[in-house]
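Colleague: Take this structure, written in C-alpha cells, and hold onto it; I'll ask about it next.
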Amino acid sequence: MITVKDKLLSAVDKVNALYSQSPVVKGLIDGGLSFIPFFGSAIISALDARSFEIYEKNSKQFTEESRRLVDNLDEDKIDKEFLKSDEFVSLLTEILTRNARTHEQAKVKLFATLFVNAATYGKSGTPYKEGFVHIIDELSVTHILALAFINDTSVTFTEEDKEKNRDYISASQVAEELQISEARSQAYCDQMIRFGLLRDWSLGRWNYRPHTYALTDYGRELAVFLKEESQ
C-alpha cells in the first residue's frame, strides 16, 4: 500500500528524472558561460559532464536527506491536500533547480528540510515559500547558522532584558559562536538585513550602538521553518 510518505518522496524522484533529461537544466547550469568570448564553447564542453555530475550528486543527496526526514516524521503531520496542489509541484521544482547547482553540501540539507517542512500542517499554509528558497540559494550556510544562533538567543531574552535595552545580538557574539572574523560577521548580518531577516537594533535609539541586531518576524519564521520536525 502506497503511503503519504511514499507519495511525497515519489514526487521528488519524478521531478528529478524529468530535470535530468531536460535541456532546461543544462541551460540553468551553464547558460552564462556562452557569453565568454572565444572560450565560452570550450568551457561549456569541458564542464558539461562535471555539471551533470554535480547535479546528480546533489539530487541523490537531496533524496536521501528527504527520505531520512520523512522517515522520522509522523505521517499525521503531513498535509495530504498540499501534496495534491500546484503549489507543491512549483515549490519542489524551484527547490530542485536551485539545489542542483549548489556547491555547499550542507545547503542540500537545508533545501531538504525546507521541502519536507513545507508539506506539514502548520507550515503548508505559509505564503510565498519560494521566498525562503531564494534566500537559502542566495546566502551561504554560514549566514543560516548565524540566523539560527540569533533566533535561539533571542528566545532567551526576558522582559527585563527589553526594559534595560539588552535584547540584541552583537556581531562579536555571532563571530565568537561561529568562529569567524568580526568583520565577516558584520557583513553577514548586514546582508541579512537586506533580506528582511534582521533589523538594526540600535536604529532610532539614543547612544547608537553599531553592529547590534534583532531578529525580524520574517527571520524568525525562516529560522523555525528550517528546524527539523520531530515525531
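Colleague: Taking K and R as +1 and D and E as -1, what net charge do the other residues with C-beta under 13 Å from the C-beta of A146 add up to?
Modeller: With Lys, Arg at +1 and Asp, Glu at -1, the neighbours total -4.
Colleague: Per residue of segment 136-151, in order, report the coupling 6.51 cos²θ - 1.76 cosθ + 1.60 (Karplus, θ = phi - 60°) as ³J(HN,Hα) in whole Hz, putting x for Gly and Pro.
Modeller: 4, 5, 6, 8, 8, 4, 5, 4, 5, 5, 5, 4, 5, 5, 5, 5
Colleague: Starting from the amide H of T120, placed 1.01 Å from N in the peptide plane, find each other amide H under 5 Å away whose residue is 5 or more places distant or on another chain.
Modeller: Under 5 Å from the amide H of T120: D79.
Colleague: Whole Å is fine, so just give me how far the alpha carbon centre of segment 99-136 lies from that of segment 193-231.
Modeller: 19 Å
Colleague: Go through segment 112-126 residue by residue and turn each phi into a ³J(HN,Hα) via Karplus (6.51, -1.76, 1.60, θ = phi - 60°); whole Hz please, and just put x for glycine and proline.
Modeller: Once θ is set to phi - 60°, the couplings for segment 112-126 become 5, 5, 4, 4, 5, 4, 5, 9, 9, 4, x, 10, 4, x, 4 Hz.
Colleague: A further question follows. Calculate the spin-label point distance for E130 paired with Q105, positioning each point 7 Å from the Cα along the beta-carbon direction, and give it in nanometres.
Modeller: 3.1 nm
Colleague: May I ask you to evaluate 6.51 cos²θ - 1.76 cosθ + 1.60, the Karplus curve with θ = phi - 60°, for each residue of segment 182-191 and list the ³J(HN,Hα) values in order in whole Hz, giving x for glycine and proline?
Modeller: 5, 4, 5, 4, 4, 5, 5, 5, 5, 5
Colleague: Going by C-beta contacts inside 10 Å, put F225, F62 in order with the fewest on the left.
Modeller: Arranged by neighbour count, lowest to highest, F225, F62 become F225, F62.
Colleague: Tally Lys and Arg at +1 and Asp and Glu at -1 over the other residues with C-beta under 12 Å from the C-beta of E221: what net charge comes out?
Modeller: After counting each charged neighbour, the total is +3.
Colleague: Please go through the residue pairs K77/K162; K60/K227; K107/K162 and name each one whose alpha carbons sit more than 31 Å apart in this structure.
Modeller: Beyond 31 Å between Cα atoms: K77/K162; K107/K162.
Computed from the coordinates by the stated procedures, all read-outs in this text should not be read as laboratory data. Source: prediction; values computed, not measured. Glycine gets a Cβ as well: all are built from the backbone with ideal geometry, and neighbour counts include every protein chain shown.
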